[in-house]
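For reference, the structure is listed below as structure tokens.
Bear in mind these aren't lab numbers, they're just calculated from the coordinates by the rules spelled out. For clarity, every value in this text was computed on a predicted model and none was experimentally measured. Cβ: placed from backbone, ideal geometry, glycine included. Neighbour counts: every protein chain shown.
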């Protein structure tokens, strides 16, 4: 099993249930983990035998650019697109952190994680 991870991807986006979050935006950090069996990449040094992490980054960036109320929804869209566009993926985990969320007290970040695993 090969693990491909993109860590601490930084975005400024417009996610949240409050109007000011949708208008002013906030800083977000995304962690992505994709697992699968990629023997061509391991044995033959063949990019076509794995998941290109530039394409993974593009999926995350495109979905982060679409305003949503819930981080769960954004993470779910990311998982769904990766699963749809990369059929040979066995597991996906997306964590989205909203930095300094609008709470009544100090909080460095709120996080949501959505995971998917191929049951087949």
Residue 61 to residue 1: FRET efficiency via 1/(1 + (r/R0)^6), r the Cβ-Cβ distance, R0 22 Å, to the nearest 0.05?
0.25
On a C-alpha basis, how far is the centre of region 79-120 from the centre of region 1-59 in Å? Whole number, if you could?
9
Just want to confirm a number: the relative contact order over the chain, from Cα pairs under 8 angstrom separated by 6+ residues, in percent.
27
Largest fluctuation, 105, 76, 25 only, Gaussian network model of the chain with Cα springs under 10 angstrom, belongs to 105
Sorted largest first, the C-alpha extents of the chain along its principal axes in whole angstrom are 52, 25, 22
